[in-house]
Amino acid sequence: MGSYILCQVRRAENPFFIDSVSLNIYSIEELCYFICRNLPLLDETVLNESLAAWLKEELHLRRLSQKLQQLLKREHSLGDLVLPILREINYLNNLEFRDLESRIRGLEEQPLPIRLKMKGDALVSHEKYIKAIEAYHSALVLQKNTSLGSQFLGTVNNNMGCAYARLFQMDEACECFQKSYEQLHTLPTLKSYLFAVYLKNGEDAWEKKADELGVDAATREEMERQIAAVRQPEKPEDLDRALAEWTRAYHRNTGL
């Protein structure tokens, strides 16, 4: 796949809307681009009858639409639905196509909790934190019936804590980071937990918690420097523009 791709078919007058990331798709090239970079997000909310109808009605790709409709009516894999879309315009070269096939097989072989964790991570990359948290919660519920251990639990709780922190929901973030530290006992999870305590309850609380956890002097000094660096944020020069951007970010991240 080169650095740019010329559109080979017409653009849609009415886009296909991908609700999970609030994205409008106008061409099959855009659809292929999204597919290749967002495999964990490719579920029934994307690969469905509405997509097949859009391909037919907006892009006039009738054979592709019919193939997808037939596949959707019987048992199918992710690859069954995705690969014909990419083949339609030879979006990938042979090496890239084989690599994507391998990635799809690898994803399909993962237990559902791991796929949900990957979905949550993908949603975070799109700044869809509420939906990411929902995916992480589902992964934690379903893992109870699996042999996935503390490493998986700790990673999910850490990533969910990051999503909560991005939403400034520090009670929930603290709880997640605490669980993650208790499950992983690593320095990064310790620091995440202590930073969350600081953001939630202030300097005295984080120092008390650091004492309780026996944090060494070097780690405390490093964290104190990092806290000092962000304690006095710079005021934006154009406050109105900054407020408008923060508002857009809030709606983008929450879906509200």
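Would you be able to tell me the number of residues in region 173-188 that are open to solvent by less than 70 Å² (accessible area, probe 1.4 Å) and either within 14 Å of LEU140 (Cβ to Cβ) or not in a helix (DSSP H, G or I) (or both)?
Going through region 173-188 one residue at a time, the tally reaches 4.
Among the numbered criteria (1) of a type in the set (Asp, Glu); (2) open to solvent by less than 30 Å² (accessible area, probe 1.4 Å); (3) modelled with pLDDT under 95, which one does GLU29 miss?
So the condition that GLU29 fails would be (3).
What residue, of ASN90, ASN38, is at pLDDT below 95 and out of contact with any Leu (no Cβ under 9 Å at 6 or more places or on another chain)?
ASN90
How do the pairs read when you match residues in region 90-112 that are closer than 11 Å to LEU39 by Cα with residues anywhere that are of a type in the set (S, T, N, Q) and open to solvent by 60 Å² or more (accessible area, probe 1.4 Å), using Cβ under 6 Å and keeping only pairs 6 or more apart or on different chains?
From region 90-112, no pairs qualify.
Taking the conditions exactly as written (touching a residue at least 60 places away in the same chain (Cβ under 8 Å), farther than 30 Å from THR155 by Cβ and open to solvent by 70 Å² or more (accessible area, probe 1.4 Å)), does ASN14 satisfy them or not?
no
For GLU75, state whether it is open to solvent by 60 Å² or more (accessible area, probe 1.4 Å) and without any contact (Cβ under 8 Å) to a residue 12 or more places away in the chain. Steps first, please.
Working: open to solvent by 60 Å² or more (accessible area, probe 1.4 Å): yes; without any contact (Cβ under 8 Å) to a residue 12 or more places away in the chain: yes.
So GLU75 passes the test.
Taking the condition open to solvent by 70 Å² or more (accessible area, probe 1.4 Å), within 23 Å of ALA122 (Cβ to Cβ), out of contact with any strand residue (DSSP E or B) (no Cβ under 7 Å at 6 or more places or on another chain) and polar (S, T, N, Q), does SER22 pass?
no
Among the numbered conditions (1) hydroxyl-bearing (Ser, Thr, Tyr); (2) surrounded by 13 or more Cβ atoms within 10 Å (Cβ to Cβ); (3) under 24 Å from GLY120 (Cα atoms), tell me where SER65 comes up short.
So the condition that SER65 fails would be (3).
If you go through region 104-126 one residue at a time, do you hit one that is open to solvent by 30 Å² or more (accessible area, probe 1.4 Å), over 9 Å from the mean Cα position of the chain (by Cα) and more than 30 Å from ARG87 (Cβ to Cβ)?
So far as region 104-126 goes, no, none of its residues is open to solvent by 30 Å² or more (accessible area, probe 1.4 Å), over 9 Å from the mean Cα position of the chain (by Cα) and more than 30 Å from ARG87 (Cβ to Cβ).
Could you list, ordered by first residue, the pairs with Cβ atoms under 9 Å in which the first is in region 191-220 and modelled with pLDDT under 90 and the second is among the polar types (S, T, N, Q), at least 6 apart or interchain?
none
The values are calculated or read from the model by the stated rules, or taken from the named source; none is laboratory data. Since we're looking at a predicted model, the values are computed, not measured. Quick reminder, even Gly has a Cβ in these numbers, built from the backbone with ideal geometry, and neighbours come from all protein chains shown. Keep in mind that these areas ignore ligands, DNA and RNA; they rest on the heavy atoms of the full protein, side chains included. Shrake-Rupley method; radii C 1.70, N 1.55, O 1.52, S 1.80 Å.
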